[in-house]
1. Working only within the range 84-110, note down all residues that are in a loop (DSSP other than H, G, I, E, B) and closer than 21 Å to A20 by Cβ.
2. Mind counting the residues in the range 94-110 that are open to solvent by less than 50 Å² (accessible area, probe 1.4 Å) and under 12 Å from the mean Cα position of the chain (by Cα)?
3. Scan the range 130-139 and tell me whether some residue there is open to solvent by less than 100 Å² (accessible area, probe 1.4 Å) and part of a helix (DSSP H, G or I).
4. For A117, state whether it is open to solvent by 20 Å² or more (accessible area, probe 1.4 Å), touching a Pro at 6+ places or on another chain (Cβ under 7 Å) and either free of Cβ contacts under 8 Å to residues at least 24 places away in the same chain or outside any helix (DSSP H, G or I) (or both).
5. Give the residue that is least open to solvent (accessible area, probe 1.4 Å), with candidates limited to residues of the range 19-49 that are assigned to a helix (DSSP H, G or I) and in contact (Cβ under 8 Å) with a residue 60 or more places away in the chain.
6. Test E9 against the criterion of being among the acidic types (D, E), crowded, with 24+ Cβ neighbours inside 10 Å and out of contact with any His (no Cβ under 8 Å at 6 or more places or on another chain), and give yes or no.
7. Please state which one of I120, I63 is touching a helix residue (DSSP H, G or I) at 6+ places or on another chain (Cβ under 7 Å), modelled with pLDDT under 95 and over 18 Å from L25 (Cα atoms).
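The values are calculated or read from the model by the stated rules, or taken from the named source; none is laboratory data. A quick note: this is a predicted structure, and the numbers were derived from the prediction, not measured. Cβ sites come from the backbone with ideal geometry, for glycine too, and all protein chains shown count toward neighbours. Quick note on the areas: whole protein, heavy atoms, side chains included, nothing else; ligands and nucleic acids left out. Shrake-Rupley method; radii C 1.70, N 1.55, O 1.52, S 1.80 Å.
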Amino acid sequence: MTAARSEHEAFMARALELAASAYALGEIPIGAVVVQAGEIVGEGYNRSITDLDPSAHAEMVAIRQAAQRLGNYRLVDCTLYVTVEPCTMCTGLLVHARIQRLVFGAAEPKAGAVQSAMKIGELSHLNHNFAVEGGILGGQCAELMSRFFKERRLQHSLLKKKRSQT
C-alpha cells in the first residue's frame, strides 16, 4: 500500500466514524473531513433532520467548519474526504470553496454529481476544477449506507403493516 493510499484510508476511517454518528441520530450516514497539510481542519456528518436544515449535509458542515477555522472561505489547498460521492449541491460547494481534491468512498449512482449520475466538475464553464479519487474504503462506506436504508425500509414496512391492521 502506498503512503498516499494509507493516508487516504486513515482520513476516510475518520469520515466513517462521523457517518456512524449520523446513523445513530437517524440521519443518512455520511461523514466528511477537510484536510490541510495532513491535519483535519473541519469535519461533519449529515444533520439535515437534526438541525432542520436541508443544506446540513456532511460536506457542508465540514467545509463551514474548515472555513471558520482557517479564516477563509477559499480552501484552495485542502482535500475533502467524504464517505459517499457528493450530490449536486455539495459538488457546487466544492467548486465555490475551491477545494483542491475530493476523495470519496462509495459511488452514489442515483444522485452522485461527480462521476455517477452527473459530472458537474467537468463542466467547461466552471471557474474551478478539482482532482477526484473514488473508492477509498468504498465497501465499508457502501455497506453502512445499505444497512441504513435496509433498516429504514423495514421500519416503513412494519409501520405500514401496523396501520393497515388498525
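1. Within the range 84-110, the first condition is being in a loop (DSSP other than H, G, I, E, B), and the residues that meet it are 85-87, 98-100, 107-110.
If the condition is that a residue be in a loop (DSSP other than H, G, I, E, B) and closer than 21 Å to A20 by Cβ, then E85, P86, C87, A107, E108 are the ones that fit.
2. Result for the range 94-110: 7.
3. yes
4. yes
5. Filtering the range 19-49 down to residues assigned to a helix (DSSP H, G or I) leaves 19-24, 48-49.
Those left that are additionally in contact (Cβ under 8 Å) with a residue 60 or more places away in the chain: 19-20, 23.
On the way: A19: 0, A20: 50, Y23: 47 Å².
By that ranking, first place goes to A19.
6. Numbers: among the acidic types (D, E): yes; crowded, with 24+ Cβ neighbours inside 10 Å: no; out of contact with any His (no Cβ under 8 Å at 6 or more places or on another chain): yes.
No; evaluated as a whole, the condition is false for this residue.
7. I120
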